[in-house]
Each structure stands twice: as structure tokens, then as C-alpha cells.
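Colleague: Got a structure here, written out as C-alpha cells. Questions coming.
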Amino acid sequence: MIILKQVFKTYKNGTNALNGISLTIEQGEFVYIIGPTGSGKSTIIRLINGEEIPTKGIVEVAGVNVGKLRHSKVPLYRRNLGVVFQDFKLLEQKTVFENVLFALEVVNAPTIEARKRAREACALVGLSDKLTSFPHQLSGGQQQRVAIARAIANQPKVLICDEPTGNLDPAKSKEIIDILEKINREYHTTILMVTHAQILVNNYRRRTIALSDGYLVSDLSAGGYNE
Amino acid sequence: MRRLLRHIKEAFIGLFRHIAMTLSSISTITITLLFVGLFLLITLNVEQFTYAVEGSVNIHVKIDQRFEDDASVNTLGLRIRALNGVKTATFSSKDNELDAMIESFGENGSIFESYRGKDNPLRMAYLVEIADGADIETVAVSIRELEGVEAVAYGGVRVIELLSLLENTRQFVYILVAGLGIIAIFLIANTIKLSIASRGLEISIMRTVGATNGFIRTPFLFEGLLIGIFGSILPIALVSIGYIWMFDSMGGQFITPMFALVNPFPFIYYVSAAMLLIAMGVGLFGSGLSVGKHLRWKR
């Protein structure tokens, strides 16, 4: 599903963010990517979602060579991906339902189909009773669930979660992980979760890829991580 | 269609989000277009005046009685035609001159009929047409110096002065329109820039979920277009109503019948359409500048 072959990334300012990373993630896998700040986690995400082009090497997602994608094809490619951010990125003036629907509207999904999918996504994250609420009326955990619903509404093959629990307490973090596991289990969606939270990684053991200074330092399919 | 409606709806939301900037952009467009309208009215009417005047700017050259033999008349004709600035020189016999005189007196002209034939006291003449009305005085002086010329007469100097005044006015308005147009474009660009900035989160979400760049840009272009359209309503109404009123109250002419004003219909339709197109163009260009700069396609 996701293949990185000898990927190097050097930014214009000279920073070597990735140094010869090679890894393969199969369809339906749930993978943690961990590592300290500046280890290259975010760069991997940016390479996968097509925001950045590798300096050297190949990034292939669902059979698409992402680095070679023409600019005009990037938006269509991104419809295969869902992204969840640490800061939720919800539109404050829109309700829960409208926030989720927005992601479908802007890719021009047919109205009836879009509304149905938005409702299903909200139900999956347990927000059916909050459809008309606005983000400021929700807790942090609930807001992140809206963001997850929005990310999966378009039924992506890959769900990228960039520190999704970074702003949440342990109880809310557990809720989020439970939802992500449910999505992974029920929809066979490949989940790539970047995190700092060692407790989560050790409590919910899944394949764990550890990065340091742009190098892949460990890839444990049994999961767990100790610095 | 649904997509188009969405873009228009978003554009309206954008307009109201920065109502003060929107209003200032619309006002600038309004003022600019008022001058554009004025410019168009002056230009097109001056063109019509010029056309009318050009046909009437000529020199009437009376031939001295002592030089009425064929050879002298022909020589004079050749000399006149050889002068710089002369377009044509047409011989007019005594009878032709009488005809012209009778015609100019209208119904009462027939009393001059008795002069026809041997008693015709009028002189033979050359009617000289000038290539450029501005040269009329120089050409007239040159002709007066030729042998066989009794007198030269020409009209239209005042007319030319008036035309040149109108021409200067037109150029002044032209510069004003260009200046105001640039201000309007930059104000619109600024309004759209604010709109883009205030929708930064929305734009980043759209990019993340795979909205195309065209989809992201279009509402902002519509916003500029709408500013142009709204800005054009008042000037189009004022110019149209004002011109019809002016045409009626001046009896369809400017000072003299020679300066017949262009009939308001369908003239004002064309002027209004031109104003609307210019407004839309300015709106689109202004928003295009901002969109091009702040929504440049990145991966």
C-alpha cells in the first residue's frame, strides 16, 4: 500500500530531514510512527500526502508514485487519503454535520450521497447526537472525533493522523485510539499515526516505526517502544 | 450548476465578510466607471462631430476675373493641387456657384435665378478640400499668394478649436480613468486578499481533502466579478439617464446643428454594455492578481 524506497529529503535550508528511509506498509495495517521532534515524522507525512517531493528515492502510495505526480493530479490523489491534525482544524461557524459534509462538498460529491456519508461518518465516531452542535460546544475529544469523521467521510484508503491525541488527556486519547482501531478493523483502512505518546504506543501495541535524525532506527511489528 | 451556485454563494459570503473593503472597492469602481462613461460619451460624440466637420472644412477660392480663360483656370487648379495639405480641388463654374447660392438661401433662393446666364456676377471658383483640418490656415495663405486668385474664404476654424478642446478634455478624462482604474484594481486585489486570509483554514482543509485549485480559486474570482458588477450599476444608470436627458434638453445637438449628438438608442445600450464589461474586467483582473499571488498552486 505504502512503499518508501531509499527516500532522502533535504529542504532548501539544507536540513536533511530523511536519510535513506525504506519501508513498506500493507493495506489495512495500523502503524505508529514515533520519534523526537526533528526526527523526520512530519516529513514522511508530507511526502505521503504529496505536499513534498523526495530529494531522492521513491514514495509510492496505492500504486501512485507520489513524487512524480503532476501538480494538477495531486488533489485527485489526495482523495485517497484522510488527514487528522493535532489541532482539529474545524470550521467554527459550521456545525458538526456541516464540517464533515464540507469535505465531501469540496470534492463535488453528489448531494444525497454526501449527506448520507457524512451522517454515517458521524455515527461511526459516536457523534450522531451532536450533528447540529458547533465545535465550541464540544469537548476536545469530541472535536477530534469530528475531525476523524471528516477525514474518513470520503472513505480514504489511508488515514494519516498527525499527533491526534497531542491536545487530549489520557481518557480522551483512549477514546480516539478506540475509534481509529474501529475504523481500521471495520473499513480495513490503513492507519498511519504519528505520535509522541509512549504510553499509547505501549498500551495499544501495533507495528511501531521509530525515527531519529531522519534515520529509521527500529521497526517493530510487535509494537511497543522504549527510548 | 450546483457547483456554480456554491461558488456564487461563497463569493457573496466573502463580500459581506469585509463589507467596508467591499464598499470602498465598489465606490472606486463606481467613480471610475462614471468617468469611463463620460469618456465614452465624449469620445463617440466627438468622433461624430469630427466626421461631420471634416466634410465641411474646405476653402472657397474665387478666381480673378482677368484669369477666367481656360488655360489660366487649369493652371491655377494644378498649382492648388500641388500644394501640401490639399486633398482635392474641384472647379466650380459661375452656374455652379449660383446654384450653391440659390440652395443656401432655401425657399427664397429662386429670386437669384434672374442672374443666370451672361448676367451672372459671380466668380468662377475652386472648392479645395483639406487633408487635415488643422492645416487650413496655412493652406489658405499659400493659395491666396497664387496668381489668379481674387479671394479665399474658409470656415470652421472655431469648430477646429472646439474640437481640439474636446479632444484635450477627452485625453484628460482618459488619464483620469487610467489612474482610477489602477486604484480600483488594487483596492479589489486588497479586498480579495483579506477574503483569502480570513478563509485560510477553510483553504487548507480544502487542499487536504483534495479540492482542486480551480475549485478553491473560483469563489474569489467571482467575488471580484461581483464587486465589478455592483460598482457598475449606479454609473450605468446615471450615464444612461443623464445622456437621454441631455439629448432631449439640448434638442439632439451640441450648440449648432453641425454637432448632432448621437441618438441615445441604441447608443446607450452599447455604452452601458461597454461599462459593464470594463467593470467586470477590472473586478476579475483585481481578484486575479490577488488569487495569483496568494493562492499560487503549491503541492
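Colleague: Report ³J(HN,Hα) in whole Hz for each residue of segment B:283-293, in order, from the Karplus equation J = 6.51 cos²θ - 1.76 cosθ + 1.60 where θ = phi - 60°; Gly and Pro get x.
Modeller: Each residue's phi maps through the Karplus curve to give x, 5, 5, x, 5, x, 4, 5, 4, x, 7 Hz.
Colleague: Kindly express, to the nearest 10 degrees and within the range 0 to 90, the angle between helix A:140-152's C-alpha long axis and the longest C-alpha principal axis of chain A.
Modeller: Compared with the principal axis, the helix lies near 80 degrees.
Colleague: To make sure I understand, if each residue's beta carbon is the centre and we count other beta carbons within 10 Å, what order do B:Val282, B:Val141 fall in, fewest to most? Intermediate values should be presented prior to the final figure.
Modeller: Details: B:Val282 29, B:Val141 10.
Final ranking by Cβ density, sparse to dense: B:Val141, B:Val282.
Colleague: Given the options B:Thr256, B:Thr28, B:Thr88, state which has the largest fluctuation in a GNM of chain B using a 10 Å cut-off (strictly under) for Cα springs.
Modeller: Judging by the Gaussian network model, the answer is B:Thr256.
Colleague: Out of A:Tyr77, A:Val31, A:Asn19, whose Cα points farthest toward the positive end of the dipole of segment A:14-161 (charges: +1 Lys, Arg; -1 Asp, Glu; placed on Cβ)?
Modeller: Most positive-ward Cα: A:Tyr77.
Colleague: Please give every one of the lysines within straight-line cross-link reach of A:Lys130, meaning a C-alpha to C-alpha distance under 18 Å, and leave out same-chain neighbours fewer than 8 residues apart.
Modeller: Partners found: A:Lys89, A:Lys94, A:Lys116, A:Lys172.
Colleague: Another one. Tally Lys/Arg at +1 and Asp/Glu at -1 over every other residue whose Cβ is under 12 Å from the Cβ of A:Ile176; what's the total? If you can, show how the numbers build up before the last one.
Modeller: Numbers: positive: A:Arg145, A:Lys172, A:Lys174, A:Lys182; negative: A:Glu163, A:Asp169, A:Glu175, A:Asp178, A:Glu181.
The answer is -1.
Colleague: Given a Förster distance of 25 angstrom, what is the FRET efficiency for A:Asn80 paired with A:Tyr11, based on the Cβ-Cβ distance and rounded to 0.05? All intermediate terms of the calculation are to be shown ahead of the outcome.
Modeller: Numbers: r = 25 Å, r/R0 = 1.02.
Taking R0 as 25 Å, the efficiency between A:Asn80 and A:Tyr11 is 0.50.
Colleague: Please give the average number of partner chain Cβ atoms lying within 10 Å of the Cβ of each residue in B:195-205, rounded to a whole number. Working shown, then result.
Modeller: Values: counts 0, 0, 0, 0, 1, 0, 5, 6, 0, 2, 11.
Across the residues of B:195-205, the mean count of other-chain Cβ atoms within 10 Å is 2.
Colleague: Further question: Write out the trypsin sites (Lys or Arg not before Pro) in segment B:185-262 meeting two conditions: DSSP loop, and at most 14 other Cβ atoms within 10 Å of their Cβ. Walk me through the numbers before you get to the answer.
Modeller: Working: sites: B:Lys193, B:Arg199, B:Arg207, B:Arg217; in loops: B:Arg199.
Here no trypsin sites (Lys or Arg not before Pro) fit, given the DSSP loop and packing criteria.
Colleague: Moving on to the next point. Once you keep just the Cα pairs under 8 angstrom separated by 6 or more residues, what percentage relative contact order results for chain A? Please list the in-between numbers first.
Modeller: Values: 453 pairs, mean separation 61.9, N = 227.
RCO, chain A: 27 percent.
Colleague: If each residue's Cβ is checked for other Cβ atoms within 10 Å, how do A:Tyr77, B:Tyr51 rank with the fewest at the top?
Modeller: Details: A:Tyr77 17, B:Tyr51 9.
Least crowded to most crowded, the residues run B:Tyr51, A:Tyr77.
Colleague: At what distance in nm do the modelled label points of B:Arg299 and B:Ser72 sit from each other, each positioned 7 Å from its Cα along Cα→Cβ?
Modeller: The two pseudo-label positions are separated by 9.5 nm.
Colleague: Also, I was wondering about something else. Any chance you could run the full-extension gain for B:Ser27 through B:Lys118? It's 0.36 nm times the residue separation minus the Cα-Cα distance, nm to one decimal. Write out the running numbers ahead of the final one.
Modeller: On the way: separation 91, 0.36 × 91 = 32.76 nm, distance 7.28 nm.
Gain on extension, B:Ser27 to B:Lys118, equals 25.5 nm.
Colleague: Using +1 at the C-beta of Lys and Arg and -1 at the C-beta of Asp and Glu, which of B:Gly288, A:Asn167, B:Ile196 has the Cα lying farthest in the positive direction of the dipole of the protein assembly as shown?
Modeller: A:Asn167
Colleague: Which one of B:Thr169, B:Ile13, B:Thr75 has its Cα pushed farthest toward the positive end of the charge dipole of chain B, where Lys and Arg give +1 and Asp and Glu give -1 at the Cβ?
Modeller: Farthest along the dipole direction, towards plus: B:Ile13.
Colleague: Starting from the Cα gyration tensor of segment A:87-155, take the square roots of the eigenvalues, sort them a ≥ b ≥ c, and report rounded, prolate or oblate (rounded when a/c is under 1.5, otherwise prolate if a/b is larger than b/c, else oblate).
Modeller: Numbers: a/c = 1.74, a/b = 1.54, b/c = 1.13.
Prolate, since a/c reaches 1.5 and a/b exceeds b/c.
Colleague: Based on the mean of other beta carbon atoms within 10 Å per residue, what is the order of B:148-154, B:114-120, most packed first?
Modeller: Values: B:148-154: 16.6, B:114-120: 10.9.
By packing density, highest mean first, the sequence is B:148-154, B:114-120.
Colleague: Another one. Normalised by the residues of segment A:87-155, what does the relative contact order come to in percent, with Cα pairs under 8 Å and at least six apart?
Modeller: Details: 85 pairs, mean separation 33.8, N = 69.
Normalised by residue count, the contact order of segment A:87-155 is 49 percent.
Colleague: Straight-line reach only, C-alpha to C-alpha below 17 angstrom: list the lysines that B:Lys62 could link to, leaving out same-chain residues fewer than 8 apart.
Modeller: B:Lys94
Colleague: Would you mind ranking B:Trp297, B:Trp245 so that the residue whose beta carbon has the fewest other beta carbons within 10 Å leads the list? Don't jump to the answer; show the numbers that get you there.
Modeller: On the way: B:Trp297 15, B:Trp245 11.
Starting with the residue having the fewest Cβ neighbours, the order is B:Trp245, B:Trp297.
Colleague: Can you give the extra length, in nm with one decimal, that the chain gains between A:Ala171 and A:Thr24 once fully stretched, where that is 0.36 nm per residue apart less the Cα-Cα distance? Please list the in-between numbers first.
Modeller: Values: separation 147, 0.36 × 147 = 52.92 nm, distance 3.16 nm.
Going from the current span to full extension adds 49.8 nm.
Colleague: Using a simple spin-label model with points 7 Å from Cα along the Cα→Cβ vector, what separation in nm is obtained for B:Ile244 and B:Thr138?
Modeller: Calculated label separation equals 4.7 nm.
Colleague: While we're on this one: Taking a ≥ b ≥ c as the square roots of the eigenvalues of the Cα gyration tensor of segment B:58-154, is the shape rounded (a/c under 1.5), prolate (a/b larger than b/c) or oblate?
Modeller: On the way: a/c = 2.60, a/b = 1.51, b/c = 1.72.
It is oblate, given that a/c is not under 1.5 and a/b is not larger than b/c.
Colleague: Please compute the alpha carbon radius of gyration of the protein assembly as shown, then divide it by the globular-protein estimate 2.2 N^0.38 Å. Two decimals is fine. The partial results should precede the final answer.
Modeller: Working: Rg = 40.1 Å, N = 526, 2.2 N^0.38 = 23.8 Å.
Ratio of Cα Rg to 2.2 N^0.38 Å: 1.68.
Colleague: Also, I was wondering about something else. Over all residues in B:211-217, what is the mean tally of Cβ atoms on other chains that come within 10 Å of each residue's Cβ?
Modeller: Details: counts 9, 8, 4, 2, 5, 2, 0.
Average per residue, whole number: 4.
Colleague: Under the definition of Cα pairs under 8 Å and six or more residues apart, what whole-number percent is the relative contact order of chain B?
Modeller: Details: 379 pairs, mean separation 93.2, N = 299.
It comes to 31 percent, rounded to a whole number.
Colleague: At each listed q (0.10, 0.11, 0.12 Å⁻¹), what is the log10 of I(q)/I(0) that the Debye formula gives for chain B modelled as equal alpha-carbon point scatterers?
Modeller: Treating every Cα as an identical point scatterer, log10 I(q)/I(0) equals -0.72, -0.78, -0.86.
Colleague: Treating only the Cβ atoms of Lys and Arg (+1) and Asp and Glu (-1) as charged, compute the dipole magnitude of the protein assembly as shown about its Cα centre; round to the nearest 20 debye. Intermediate results must be reported in sequence, preceding the final value.
Modeller: On the way: 53 positive and 48 negative charges, 826 e Å.
Computed charge dipole of the protein assembly as shown: roughly 3960 debye.
Colleague: Taking the 0 to 90 degree range and rounding to the nearest ten, how far is the long axis of helix A:96-105 tilted relative to the main principal axis of chain A, both from C-alpha atoms?
Modeller: 60 degrees
Colleague: Cross-link candidates for A:Lys9: which lysines have Cα within less than 19 Å, leaving aside residues fewer than 8 places away along the same chain?
Modeller: Within the straight-line limit of under 19 Å, A:Lys9 reaches these lysines: A:Lys41, A:Lys56, A:Lys68, B:Lys298.
Any read-out appearing in this document is the output of simple, stated calculations on the displayed coordinates, not a laboratory observation. Source: prediction; values computed, not measured. Backbone-built Cβ (ideal geometry, glycine too); neighbour counts: all protein chains shown.
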